[in-house]
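J.: Quick one: the structure is below, questions incoming.
The values are calculated or read from the model by the stated rules, or taken from the named source; none is laboratory data. This is a predicted model, so every value here is computed, not measured. Cβ placement follows ideal geometry from the backbone for every residue including glycine, while neighbour counts extend to all protein chains displayed.
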Amino acid sequence: MPDQTSARPDKPVKREEETWDHCAACTTDTAPKDPDAPWIQCSPCHSWFHVQCVDLKDKDITRIKSYHCDKCAETRGPTTYHPPPRESGRRREKIDYAALNMGDTSAAHTHQHAHTPYLTRTFAPDHFPRLHGHELTSEYAHATGLKTPAVVPAEWNKGLNMKVPKLTVRQVAESVGEDVAVEVMDVPTQSSSPGWTLGSWADYYETPAAERDRVRNVISLEVSQSELAKDIVRPKFVRDLDWVDMVWPASAGPVPEVQLYCLMSVSNAFTDFHVDFAASSVWYHVVQGTKTFLFVPPTPANLRKYELWCLSSDQKKTWYPDTLTSSGSTQCVKVELRQGDTMCIPSGWIHAVYTPTDSLVIGGNFLTPINIPTQLELARIEVRTKVPKKFRFPKFQEVLWFAVEYYLREKPALEGKGYERLGVGVLAEYLWVRARKAKGFMEVSEKDQKGIRESIPGRIRDKAEGLARELGLWVHSLAPDEPLPEWSTIEDVVAPTKKRKSETKSQDKKRVKKDDTKSESEEQETWMFDCPACGVQGENLDDGSAMIMCERCQCWMHVDCLPKEKVPAGEGDEFVCSRSRSASRGSRFARLEGGRGFPRDGRASRAHLISPEQHMSHPARRDPARHRGALRPAPASAQKKDRDNSDQPTLSIPPSMSNYPKEPEFEQAKDEILSTLENSKLFEKEPELKKVLPIISIPERIIQFRVVWEGDDGKANVNTGYRVQFNSTLGPYKGGLRFHPSVNLSILKFLGFEQIFKNALTGLPMGGGKGGCDFDPKGKSDNEIRRFCQAFMAELQRHIGQDTDVPAGDIGVGGREIGFMFGAYKRIKNQWEGVLTGKGQTWGGSFIRPEATGFGLVYYVAHMIDYASEGKESFKGKRVAVSGSGNVAQYAALKVIELGGTVVSFSDSKGALVATGETGFSAEDIAAIADVKLARKDLTATFETRSNLKSGAFKYVEGARPWTLVKCDVALPSATQNEVSKEEAEALVDGGCKFVAEGSNMGCTAEAIEVFEGLRAKTEGKQCVWYAPGKAANAGGVAVSGLEMAQNSSRDKWSSEEVDRRLAEIMKNCFNNCLQTAEAYTDFVGLPSLQAGANIAGFVKVAKAMKDLGDFY
């Protein structure tokens, strides 16, 4: 390379544009006096510079890959560097106590952080409570769960019972010691600057701003053991809540030094988004200056995005809120603090800090007994993101074990402290699992086993498992009506002895079958509970009631909710739920996408039915990690074992459909589509398209193959794999892979056939297909699932490719399985291509995937409103009723708010949460709902996490859905199937609702649709209720899967804004397609039927393309 970073060559090669005889950055007067001073050459323009004149440091020179002078940097980008030496396994460097990433050395010539310009954006309004000092107490924390930041303004500080003297930076240096070394952060690069003492820092701080060479700050000076600490008293609420002070024994030595920090920053300092270690809470008092905080709530989705952002190599270039939604600032709250203000930052809140004016802050970190689950989860995230130990909460595991001793010794009263009682129960199970791992009862590496064992204090180590069990039993004694944590009843057994590796896996697996309550493979298994009677719905949901499964829709439901005459008399009797029966009779195309169920015409299942007593005594109930799927059909290998246990109910498997000549699911799909087409004018206007029906009904290709894989016991297992490549007229086959014992060709042909037309509605070049295997992930270890996925892909890879067939996930196939299969494909093919969708963000996935269905739903309805009002109306001013409280409901609501609408309801399986006033729900309220859903609580728990919900602005109505409780302009059923009945549809119409669009699949019953469609059909003009089916309205999810394919093909990564823009355009085209098709092929007097338009549009697009390609003539 031409770059030289030591000295000029004696005889450089002369180029016309090159200047090598003098430094381009200095004059004779400013040139270094040393004739041997080092030089460096600019790669683009070949000019030479004194290293001193371009302000390069020695430590930077050794890492320069390609130097660009200031002029060339404007067009060619900044200087590039070789990666710095790594001190850990992270993909980036470490910096401060909060484990922020160290920096971007391309910022070497700037005086501000790269993200500072983003502070001019508009952020969500600051609705955090402002409290008097006497109001911010431990009682307040226990009552509210300390879920949102709280600010005590300077004039209200008195009641905090806090002592913080007025200080200057010089006084801090003199009190702590001017010779004490201090870690100083260079703000533009977010890297540590070595060689500083408190004395030199005070000199720098006192330098006028215009004369400072760089923007720096000190954010990790812990002073609890210094003379300064003698003059400071923490707020009383902190002293009362500090878990370390509560549980740390004097015999264990000094407490972890995190209780008292002094933070000193000059103006324009910025600390990027982070979470304080182990999700500890923070108290923060501004002694002088001002501070600006940006807060993002720690919802499950936001934490997932935060984890991916932390691991991303592009972190320095990415503004974290932009990873959240198309407008992440709607979730980002800006808080301004003045001199004298005090703030409490609760556990887990993701935040960034900007310093408008020179400031000095006194504060500290503290763990609380209120936020135990969050603290444990963030500790896990720190492990997954490989945060170095020096940047984690010191002695965190020791604190947890000392807490066990404290609760068992003191047995404090926990009445009125629901958050603490819940957290202690979580803590007990968490530590019990770690104790089992330390003993070798659970499969971990020898290194991890040793580390876990050494993290347990010596005096506790040998009795750790028993102490954790005893704590679990004590917590249960405080609420004896709740189910006993069955893990706590498992007795100690002799620790496993060393075996040969082949023996250990198979034999230990039997021992830990009931013990491994945190098996990742089982936590990620997916099955659906969806009771049509009471509305309880969710993935992997088991509320302890007796359950029964309908084989047609493959959903579980409550036995107690069924009419007595519908409950099967016993094992082996057939059971079909009312929803599946009505779906078979209805005129609409009945299906439950993504595994929520599928109609089976003429077939019913043997009832998998057990009593509540059997349910509670079943081994599945004794193992919290396994109980969710335990009552489903067992794999064949398990049936004999179940039959041999006379005291346990027999679990049977539905007979395989592959031996039946009929394919009822597939026949149902064809009949439904044909009914819609024949009831339109399509075949009158274009009779030739009828020719395509027998052709389009036959898959282009069906691939069936065996999958042989090795179990942990070393034995060979075999399953049957399938890929139904149904139709590639519009593009590569596109559809999910399903791993479930019920998989057979009839089901896959049904789903693949439906996928053709749904994909066609997106307007993207995607055909239709479906695939999977009768493999049951339930009960399999991670290694077994990995080996199966690799064996499955060894055959499937012959038949797929980014231009041939692009599978995605489905039941039993999540991000983990996609990763295993993608890795296997890449190794076999020796190439990286976007052959699967649903990939992780760091290896080919797309932004906006979790939000896509909700956002797309709102975009679709926006066009309905615009068309019906002839451009005079929008979401602005509209009252919108939303059901459900999951991803679709949350993101749809956030988009409605962004577009100016008012969200007036949410719901869950137990009831509806509705607004009583005109303001509706805010983005903060939705974040609180997300927190509640993460904790698997009812929406009533939202009143405990958001103080404004107590003001009467909202009410929770048990046993109800929102449609009869609120008056609305728009209804978005987004929870589950058949959640809008005929009576509720009539109530919506009577309440003035004008637009109904399904965010869930089959959200309205056939009778409800008849109400909407009947009114539309007989109403002249456009002032009637207008219904949009889920097939079109919720197509945003599959649309973004198509956009992921496009990004992979172009080797590009689009921003959230770009993906969202394209999603909006797709939904616009989808609406116009449904509208224009309905206008062309159906009769109407006012508004055309979007239901008919959606069904016909998908078919017409594929059929005409097939004719153009010569598939029929």
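J.: Is it true that Leu160 is assigned by TED's automatic domain parsing to the domain that holds His274, in contact with a helix residue (DSSP H, G or I) (Cβ under 8 Å, 6 or more places away or on another chain) and either closer than 17 Å to Tyr284 by Cβ or among the hydrophobic types (A, V, I, L, M, F, W, C) (or both)? Even if it seems obvious, please write down each step before you answer.
T.: Values: assigned by TED's automatic domain parsing to the domain that holds His274: yes; in contact with a helix residue (DSSP H, G or I) (Cβ under 8 Å, 6 or more places away or on another chain): yes; either closer than 17 Å to Tyr284 by Cβ or among the hydrophobic types (A, V, I, L, M, F, W, C) (or both): yes.
For Leu160, the condition - assigned by TED's automatic domain parsing to the domain that holds His274, in contact with a helix residue (DSSP H, G or I) (Cβ under 8 Å, 6 or more places away or on another chain) and either closer than 17 Å to Tyr284 by Cβ or among the hydrophobic types (A, V, I, L, M, F, W, C) (or both) - is met.
J.: Quick check, is Val333 surrounded by fewer than 24 Cβ atoms within 10 Å (Cβ to Cβ) and not assigned by TED's automatic domain parsing to the domain that holds Phe921?
T.: Numbers: surrounded by fewer than 24 Cβ atoms within 10 Å (Cβ to Cβ): no; not assigned by TED's automatic domain parsing to the domain that holds Phe921: yes.
So Val333 fails the test.
J.: Which residue, of Ala620, Ala669, is at pLDDT 50 or above, part of a helix (DSSP H, G or I) and touching a helix residue (DSSP H, G or I) at 6+ places or on another chain (Cβ under 6 Å)?
T.: Numbers: Ala620 fails: at pLDDT 50 or above.
One residue alone meets the criteria, Ala669.
J.: For segment 996-1113, which helices (runs of 4 or more DSSP H) that fit wholly inside it have 1 or more residues that are surrounded by fewer than 18 Cβ atoms within 10 Å (Cβ to Cβ)? Show your work before the answer.
T.: On the way: elements: 1006-1018, 1030-1033, 1036-1049, 1056-1081, 1090-1108.
In segment 996-1113, the matching helices (runs of 4 or more DSSP H) lie at 1006-1018, 1036-1049, 1056-1081, 1090-1108.
J.: Going through segment 936-974 one residue at a time, which ones are closer than 15 Å to Thr916 by Cβ, surrounded by 24 or more Cβ atoms within 10 Å (Cβ to Cβ) and modelled with pLDDT of 80 or more?
T.: Phe954, Pro962, Cys968
J.: Output yes when any residue across segment 744-755 is farther than 30 Å from Asn1073 by Cβ, charged (D, E, K, R) and surrounded by 21 or more Cβ atoms within 10 Å (Cβ to Cβ), and no when none is.
T.: Checked against the condition, which is being farther than 30 Å from Asn1073 by Cβ, charged (D, E, K, R) and surrounded by 21 or more Cβ atoms within 10 Å (Cβ to Cβ), segment 744-755 yields no hits at all.
J.: A further question on this structure: I need the strands (runs of 3 or more DSSP E) fully contained in segment 716-795, keeping only those with at least 2 residues that are within 29 Å of Arg1062 (Cβ to Cβ) and out of contact with any Phe, Trp or Tyr (no Cβ under 7 Å at 6 or more places or on another chain). If you could, list the steps in order and put the result at the bottom.
T.: Values: elements: 716-727, 733-739, 768-773.
Fully inside segment 716-795 and qualifying: 716-727, 733-739.
J.: Here is a further query. Which strands (runs of 3 or more DSSP E) sit wholly inside segment 812-928 and have at least 1 residues that are modelled with pLDDT under 90 and in contact with an Asp or Glu (Cβ under 8 Å, 6 or more places away or on another chain)? Before you say what the answer is, go through the steps one by one.
T.: On the way: elements: 879-882, 902-908, 911-915.
So the answer is 902-908, 911-915.
J.: Against the conditions (1) in contact with a Lys or Arg (Cβ under 8 Å, 6 or more places away or on another chain); (2) free of Cβ contacts under 8 Å to residues at least 40 places away in the same chain, where does Glu1044 fall short? Just the number, please.
T.: The number of the failed condition is (2).
J.: So, in segment 804-827, of the ones that are of a type in the set (A, V, I, L, M) and touching a helix residue (DSSP H, G or I) at 6+ places or on another chain (Cβ under 7 Å), which residue ends up surrounded by the most Cβ atoms within 10 Å (Cβ to Cβ)? Steps first, answer last, please.
T.: Let us first name the residues in segment 804-827 that are of a type in the set (A, V, I, L, M), namely 806, 808, 811, 813, 818, 821, 824.
Then drop every residue that is not touching a helix residue (DSSP H, G or I) at 6+ places or on another chain (Cβ under 7 Å), which leaves 806, 808, 811, 821, 824.
Numbers: Val806: 27, Ala808: 21, Ile811: 23, Met821: 25, Ala824: 20.
Applying the filter and picking the extreme gives Val806.
J.: Any residue at all in segment 202-213 that is out of contact with any Leu (no Cβ under 8 Å at 6 or more places or on another chain), aromatic (Phe, Trp, Tyr) and not assigned by TED's automatic domain parsing to the domain that holds Ile381?
T.: Step one: filter segment 202-213 for residues out of contact with any Leu (no Cβ under 8 Å at 6 or more places or on another chain), giving 202-213.
Still in the running and aromatic (Phe, Trp, Tyr): 204-205.
In the following step, the residues that additionally are not assigned by TED's automatic domain parsing to the domain that holds Ile381 were identified as 204-205.
Yes, segment 202-213 has at least one match.
J.: Quick one: is Lys1068 at pLDDT 90 or above and either over 23 Å from Ala893 (Cα atoms) or hydrophobic (A, V, I, L, M, F, W, C) (or both)?
T.: Details: at pLDDT 90 or above: yes; either over 23 Å from Ala893 (Cα atoms) or hydrophobic (A, V, I, L, M, F, W, C) (or both): no.
Criteria not met by Lys1068.
J.: Still on this structure: Which residue is surrounded by the most Cβ atoms within 10 Å (Cβ to Cβ), if the candidates are limited to segment 358-372 and must be in contact with a helix residue (DSSP H, G or I) (Cβ under 8 Å, 6 or more places away or on another chain) and more than 21 Å from Phe237 (Cβ to Cβ)?
T.: Leu360
J.: Please specify each residue of segment 214-259 satisfying the condition of being assigned to a loop (DSSP other than H, G, I, E, B), of a type outside the set (S, T, N, Q) and out of contact with any Leu (no Cβ under 8 Å at 6 or more places or on another chain). Before the answer, list the steps.
T.: Going through segment 214-259, the residues assigned to a loop (DSSP other than H, G, I, E, B) turn out to be 214-215, 223-226, 232, 234-235, 242, 248-249, 253-259.
Then keep just the ones that are of a type outside the set (S, T, N, Q); that gives 214-215, 223, 232, 234-235, 242, 248-249, 253-258.
Answer for segment 214-259, where residues must be assigned to a loop (DSSP other than H, G, I, E, B), of a type outside the set (S, T, N, Q) and out of contact with any Leu (no Cβ under 8 Å at 6 or more places or on another chain): Arg214, Val215, Trp248, Pro249, Gly253, Pro254, Val255, Pro256, Glu257, Val258.
J.: Just one of Gly348, Gly340, Gly363 is in contact with a Phe, Trp or Tyr (Cβ under 7 Å, 6 or more places away or on another chain) and in contact (Cβ under 8 Å) with a residue 12 or more places away in the chain; which is it? Quick ask: steps written out before the conclusion?
T.: Working: Gly348 fails: in contact with a Phe, Trp or Tyr (Cβ under 7 Å, 6 or more places away or on another chain); Gly340 fails: in contact with a Phe, Trp or Tyr (Cβ under 7 Å, 6 or more places away or on another chain).
Residue meeting the stated conditions: Gly363.
J.: Then there is this: When residues of segment 204-228 are filtered for being buried (at least 18 other Cβ atoms within 10 Å of the Cβ), farther than 20 Å from Arg392 by Cα and not hydroxyl-bearing (Ser, Thr, Tyr), how many remain?
T.: The total comes to 4.
J.: Do you know which of the residues in segment 1045-1065 that are modelled with pLDDT under 90 and under 24 Å from Ala1097 (Cβ atoms) is nearest to the chain's Cα centre (by Cα)?
T.: Met1045
J.: Cβ-Cβ distance below 6 Å, separation of 6 or more or different chains: which pairs start in segment 313-333 with a residue that is within 11 Å of Ala124 (Cβ to Cβ) and modelled with pLDDT under 85 and end on one that is crowded, with 24+ Cβ neighbours inside 10 Å and not charged (D, E, K, R)?
T.: Gly328/Pro321; Ser329/Pro321; Gln331/Val296; Gln331/Leu324
J.: Follow-up. Specify the residue that is surrounded by the fewest Cβ atoms within 10 Å (Cβ to Cβ); the eligible residues are those in segment 919-934 that are within 22 Å of Lys878 (Cα to Cα) and not small (Gly, Ala, Ser).
T.: Out of the qualifying residues, it is Thr919.
J.: For the structure I just gave you, tell me whether Ala428 is more than 29 Å from the chain's Cα centre (by Cα), assigned to a helix (DSSP H, G or I) and aliphatic (A, V, I, L, M).
T.: Details: more than 29 Å from the chain's Cα centre (by Cα): no; assigned to a helix (DSSP H, G or I): yes; aliphatic (A, V, I, L, M): yes.
The answer is no for Ala428.
J.: Related question: What about Asp782, is it more than 24 Å from Ala1039 (Cβ to Cβ), surrounded by fewer than 17 Cβ atoms within 10 Å (Cβ to Cβ) and in contact with a helix residue (DSSP H, G or I) (Cβ under 9 Å, 6 or more places away or on another chain)? If you could, list the steps in order and put the result at the bottom.
T.: Working: more than 24 Å from Ala1039 (Cβ to Cβ): yes; surrounded by fewer than 17 Cβ atoms within 10 Å (Cβ to Cβ): yes; in contact with a helix residue (DSSP H, G or I) (Cβ under 9 Å, 6 or more places away or on another chain): yes.
Yes; evaluated as a whole, the condition is true for this residue.
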